[in-house]
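The structure appears right after this line, and notes come after that.
The values are calculated or read from the model by the stated rules, or taken from the named source; none is laboratory data. On a predicted model such as this, the values are computed, not experimentally measured, just so you know. Note that we place each Cβ from the backbone using ideal geometry, even for glycine, and neighbour counts take in every protein chain shown.
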Ligand code: GRF
């Protein structure tokens, strides 16, 4: 069956660290297997390897400084947003003390203002989080998602299990026999947005967390580019359920074959690894 016509998406990638997911996208793009072009990479860490990977691929890349220490932080942020209102609508900063919360929100808003300025300058179709280790406030999310969901994230666990920063460690510590990875739209909660795609991998007896992480990462490099291609080809349909929550359905007729392929590949690879370890 022919695929519907599609245009190449323009992506902005946000990454804090090693940027191996970014690299997987760059490689797929270079091979002509990604229906997208990465037009901008931003990082909250000045020395992030992700920035170097972007520069090497001739992609514009910038560091966004999150360490504002100016005394005038609250006043500056208050000139951009109503901090009290933002505090009422936010779910990410939970300090009991209101002035601590407002100060943290103010710092976040100032950094996000710079993120937004950079992102708006290239007007991407999607903002892809790939190991971006910062909380995002409703100020940022509301701005980027003003005309529909535009922010996607890859999470190293099978959501809604194990939200937060340590998906592989949490999966391992819990003694799960299967782990997974999730690509989802980003909403105002932490890892709570509508799931777009998931893939699973086995955890075999005697394995350690590093083996699990490498296995999961190898899946991440398949699933994230595939989701981008589904978005580019109009195969990601969002509906609102009777509970008012958005749900995503992938309408690609090849969906079962693609997901089955991920599982087969990871089972095949991990069985070989296990046999090698055992022998
Ligand atoms: C990945 O495991 C991703 O799921 C998580 O952060 C990690 C980023 O790795 N959000 P990398 O920077 O892409 O190598």
What number of residues within the stretch 127-167 satisfy the criterion of being within 16 Å of the ligand (Cβ to nearest atom) and either crowded, with 22+ Cβ neighbours inside 10 Å or within 15 Å of the chain's Cα centre (by Cα) (or both)? 26
Close pairs (6 angstrom Cβ cut-off, 6 or more residues apart or separate chains): free of Cβ contacts under 8 Å to residues at least 12 places away in the same chain and assigned by TED's automatic domain parsing to the domain that holds residue 112 in the stretch 83-96, surrounded by 10 or more Cβ atoms within 10 Å (Cβ to Cβ) and in a helix (DSSP H, G or I) anywhere: 95/101
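Return the only residue of 8, 52, 56 being closer than 21 Å to residue 254 by Cα and either within 14 Å of the ligand (Cβ to nearest atom) or out of contact with any helix residue (DSSP H, G or I) (no Cβ under 6 Å at 6 or more places or on another chain) (or both).
Checking each option against the conditions leaves just 8.
Output the number of residues of the stretch 12-34 satisfying the condition of being outside any helix (DSSP H, G or I) and either within 16 Å of the ligand (Cβ to nearest atom) or under 13 Å from residue 128 (Cβ atoms) (or both). Before you say what the answer is, go through the steps one by one.
First pass over the stretch 12-34, keeping only residues outside any helix (DSSP H, G or I): 12-19, 31-34.
Filter again for either within 16 Å of the ligand (Cβ to nearest atom) or under 13 Å from residue 128 (Cβ atoms) (or both), leaving 12-19, 34.
Residues flagged as outside any helix (DSSP H, G or I) and either within 16 Å of the ligand (Cβ to nearest atom) or under 13 Å from residue 128 (Cβ atoms) (or both) within the stretch 12-34 amount to 9.
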Of 45, 37, which residue is modelled with pLDDT of 95 or more and either more than 30 Å from residue 257 (Cβ to Cβ) or crowded, with 17+ Cβ neighbours inside 10 Å (or both)? 45
Residue 188 vs (1) crowded, with 22+ Cβ neighbours inside 10 Å; (2) touching a helix residue (DSSP H, G or I) at 6+ places or on another chain (Cβ under 8 Å); (3) within 26 Å of residue 232 (Cα to Cα): all pass except (1)
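Please tell me if residue 227 is in contact (Cβ under 8 Å) with a residue 60 or more places away in the chain and within 12 Å of the ligand (Cβ to nearest atom).
Details: in contact (Cβ under 8 Å) with a residue 60 or more places away in the chain: yes; within 12 Å of the ligand (Cβ to nearest atom): no.
Here the answer is no, as residue 227 does not meet what is asked.
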For the stretch 213-221, does any single residue satisfy the condition of being surrounded by 15 or more Cβ atoms within 10 Å (Cβ to Cβ), part of a helix (DSSP H, G or I) and away from the ligand (no atom under 16 Å from the Cβ)? no
So residue 38, is it outside any loop (DSSP other than H, G, I, E, B) and within 18 Å of the chain's Cα centre (by Cα): yes
Answer from 116, 152 - the residue that is part of a strand (DSSP E or B), at negative phi and either assigned by TED's automatic domain parsing to the domain that holds residue 77 or in contact (Cβ under 8 Å) with a residue 60 or more places away in the chain (or both): 152
Of all residues in the stretch 54-67, which are in contact with a strand residue (DSSP E or B) (Cβ under 8 Å, 6 or more places away or on another chain) and not in a loop (DSSP other than H, G, I, E, B)? 54, 55, 61, 62, 63
